[in-house]
């Protein structure tokens, strides 16, 4: 993922994008320091391909620790990109951003992404 591509994906957040802006790549770990609680994240494998797009309202540490409970799922999760959203962003809006980014990226392993309405 190039910096320009990451910035393009972050643009889906619009005015909800956190002032820190997007970040990555970083090693996939619950120890990543992120100032935002509401985050959309993209996980890449060792090949560099995007495997998973997700979001969290409980913080990166908690959500990534949950993912790591499934070793078979996360064994080849190598790096992560973070798109932080402003505090106060509604869960509905967070999921909308996640859905739009997921649609744009087409991750290889997501079982489901949030639906987005046409025109949203």
(message) Out of the residues in segment 49-74 meeting the condition of being touching a helix residue (DSSP H, G or I) at 6+ places or on another chain (Cβ under 8 Å) and assigned to a loop (DSSP other than H, G, I, E, B), tell me which one is farthest from residue 4 (Cα to Cα).
(response) 68
(request) Return only the number of the condition from (1) surrounded by 14 or more Cβ atoms within 10 Å (Cβ to Cβ); (2) modelled with pLDDT of 95 or more that residue 64 does not satisfy. (result) (2)
(message) under 15 Å from residue 38 (Cα atoms) and either in contact with a helix residue (DSSP H, G or I) (Cβ under 7 Å, 6 or more places away or on another chain) or outside any helix (DSSP H, G or I) (or both): which single residue out of 84, 107 fits that description?
(response) 84
(request) Filter segment 89-104 for residues that are surrounded by 19 or more Cβ atoms within 10 Å (Cβ to Cβ) and in contact with a helix residue (DSSP H, G or I) (Cβ under 7 Å, 6 or more places away or on another chain) and give the result. (result) 89, 97, 100, 101
(message) Take the residues in segment 21-48 that are in a loop (DSSP other than H, G, I, E, B) and at pLDDT 95 or above; name whichever of them is nearest to residue 106 (Cα to Cα).
(response) 22
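The values are calculated or read from the model by the stated rules, or taken from the named source; none is laboratory data. All values derive from a computational prediction rather than experimental measurement. A quick note on method: Cβ atoms are made from the backbone with ideal geometry, for glycine too, and the neighbour counts reach across all protein chains shown.
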